[in-house]
Amino acid sequence: MPKILRNTKAILYLFAAIFIFLFHEQIMPGVAFLVGGVVLVYALEELFFLIMERKFADMAEAIIQIVLAVLLFLAHDDIIKICIIWGVWSIIREGREMTHALVHIRRHRLAVINIVESVVVTVLSAIMILNPGEHHAHTHVILLGIELLLEIAFPLLETVLDLWINRKKEKDKSLSEKEQE
């Protein structure tokens with residue numbers, strides 16, 4: 001992803017998260033549009049990069065997410081439908097995040113936070129599907145704000161961790177070379 005796009009996305013996510021934290025009570029009547037908008041943005045971003053990379057076979061999940069966003073918009077006046085659709089989207093998304101975390105573990109990278117976040121969101125999403133209502137939707141709105149912040153924090157943390165690991169490897173390599181001399 002180009003740096004300007006990544007930075008713009010981070011700024012938008014930060015402002016959206018702050019907005020959610022400040023006005024979570026007031027946005028509940030329009031929660032379907034907020035969540036539907038987030039789902040649509042995620043899906044369109046994914047679809048855009050899949051098209052640019054010519055990975056047409058991988059586009060099904062993005063298309064399903066677009067359908068879920070449209071369903072959220074159409075269900076805007078029914079909190080039960082909103083909770084169920086939102087819960088399904090969250091479980092689909094967390095499945096991908098869990099896969100990402102497991103790849104990190106296989107590469108000996110930090111993934112505990114990703115796994116905990118995925119498990120918590122999946123459990124809360126299942127609860128929201130099985131017991132839909134405004135209380136669970138409100139809890140998920142707060143989680144959405146946290147998730148937007150984590151979308152910014154995790155890549156930064158991974159970059160810092162990669163730099164630290166690479167620096168440590170270089171240091172170990174140079175020490176090893178000096179010992180061989």
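Only the coordinates and a few stated rules stand behind these numbers; no lab work does. Keep in mind the model is a prediction, meaning the values are calculated, not measured. Reconstructed Cβ throughout: ideal geometry from the backbone, glycine too, with neighbour counts over all protein chains shown.
Taking the average, over residues, of other Cβ atoms within 10 Å as the packing measure, peptides 50-63, 166-179, 117-130 rank 117-130, 50-63, 166-179 from highest down.
How high is the relative contact order of segment 3-163, in percent, with contacts defined as C-alpha pairs under 8 Å that are six or more residues apart? Value for segment 3-163: 30 percent. When +1 charges are put on Lys and Arg Cβ atoms and -1 charges on Asp and Glu Cβ atoms, the dipole computed for the chain relative to its Cα centre reaches about 540 debye. Rounded to the nearest Å, what's the spacing between the alpha carbon centres of segment 57-88 and segment 143-180? Just the number, please. Rounded to whole Å, the Cα centres lie 35 Å apart.
Under 11 Å from the Cβ of Ile115, count the other residues' Cβ atoms, weight Lys and Arg +1, Asp and Glu -1, and hand me the total. Once all neighbours under 11 Å are counted, the net charge is -3. Normalised by the number of residues in segment 27-111, the average gap of Cα pairs under 8 Å and 6 or more apart makes the relative contact order 29 percent.
Counting charges near Ala153 (Lys, Arg +1; Asp, Glu -1) among other residues having Cβ under 11 Å from its Cβ returns a value of -4. As a length-normalised measure over Cα pairs under 8 Å and 6 or more apart, the relative contact order of segment 73-158 settles at 35 percent.
For the chain, the mean residue ellipticity at 222 nm estimated from helices alone is -30000 deg cm²/dmol, where every DSSP H run of n ≥ 4 contributes -39500 (n - 2.57) and the total is divided by all residues, rounded to the nearest 500. Computed over the Cα atoms of the chain, the ratio of the radius of gyration to the Kirkwood radius (Rg/Rh) comes to 1.07.
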